[in-house]
Amino acid sequence: MDVALVPADEADKPVLANLIQLYQHDFSEIRDDLPLTRHGTFAYPYLDHYFTEPAREAYFVEAAGELAGFALARADVDGEGSWNVAEFFVARRHRRRGVARAAARLLFARHPGEWTLTFDHANAAAAAFWRSATASVAEGPVIEVDRSEPVPSTILRFRVA
């Protein structure tokens, strides 16, 4: 399947905001800290930052020319010069078809070097996906660091050639 990572600009913010609602709805099944607002939506306070800060990038994932999800990345969140997968979402219709793996590869290829990402222990699907996806692109070992705060999660650190 033809998968593309398309940069989102500020005019695309409403579309990205809609996709973030779907992402957070899926995520709310495993996280208790994602309540609905009084408007029936999920709060995501970082969206504007992806259009005002040069160290953040927003992309749409497209599969066969159709909108399929999004990826948000941030630079140097750990003070060590790495890139970080901040948020990553593929709509259910496109899952288990190789779309997410192809989109992740495209994202990593945009910034060769050090990368990090974090997944919740309660998200078994994300754990399996990210361990496999990072192992397939990593130059050298993928380092796993478990943490208990703010939620039990695993950080993956790896290098992309």
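Readers should treat all values here as calculations from the given coordinates under stated rules, not as data from a laboratory. Keep in mind that this is a model prediction, so the values were computed, not measured. In this analysis, Cβ positions are derived from the backbone assuming ideal geometry, glycine residues included, and neighbour counts consider all displayed protein chains.
When Lys and Arg each count +1 and Asp and Glu each count -1, what net charge do the other residues less than 11 Å away from Pro112, Cβ to Cβ, add up to?
Working: positive: Arg110, Arg159; negative: Glu114, Glu139.
Residues close to Pro112 contribute a combined charge of 0.
Kindly provide the helix-only [θ] at 222 nm of the chain, computed as the sum of -39,500 (n - 2.57) over DSSP H runs of four or more divided by all residues, to the nearest 500 deg cm²/dmol? List each step's numbers first, then the result.
Numbers: 4 runs with 45 residues, N = 161.
Computed mean residue ellipticity for the chain: -8500 deg cm²/dmol.
I need the GluC sites (Glu not before Pro) found in the stretch 69-114, filtered to DSSP loop residues with at most 10 other beta carbons within 10 Å of theirs.
On the way: sites: Glu80, Glu87, Glu114; in loops: Glu80.
Hits after loop and neighbour filter: Glu80.
Using 0.36 nm times the number of residues separating Arg93 and His49, minus their current alpha carbon distance, what extension gain do you get? Write down the numbers at each step before the final one.
Details: separation 44, 0.36 × 44 = 15.84 nm, distance 2.84 nm.
Additional length available on full extension: 13.0 nm.
Relative to 2.2 N^0.38 Å, what does the C-alpha radius of gyration of the stretch 8-145 come to as a ratio? Two decimals please. All intermediate terms of the calculation are to be shown ahead of the outcome.
Values: Rg = 14.9 Å, N = 138, 2.2 N^0.38 = 14.3 Å.
Working it through for the stretch 8-145, the quotient is 1.04.
Report the one residue of Leu107, Ala127, Ser153 whose Cα lies farthest in the direction of the positive end of the charge dipole of the chain (charges on C-beta: Lys and Arg +1, Asp and Glu -1; origin at the Cα centre).
The one lying farthest along the dipole's positive direction is Ala127.
Can you give the FRET efficiency for Gln21 and Ile143, using 1/(1 + (r/R0)^6), R0 = 35 Å, r = Cβ-Cβ distance, to the nearest 0.05? Kindly include the intermediate steps, with their values, before the conclusion.
On the way: r = 33 Å, r/R0 = 0.94.
Between Gln21 and Ile143 the formula returns 0.60.
Going by amide H atoms built from the backbone, whose H comes under 5 Å of the H on Val160, apart from near neighbours?
HN-HN under 5 Å from Val160: Gly113, Glu114, Trp115, Glu139.
Within the chain, what's the longest run with no trypsin sites (Lys or Arg not before Pro) in a DSSP loop and at most 15 other beta-carbon atoms within 10 Å? Give the range, please.
On the way: sites that count: Arg31, Arg38, Arg95, Arg96, Arg97.
The longest uninterrupted stretch comes out as 98-161.
If the label point is 7 Å along Cα→Cβ of Ala128, which residues in the stretch 90-119 have backbone nitrogen under 20 Å from it?
Only 90-105, 118-119 fall inside the zone, counting backbone N under 20 Å.
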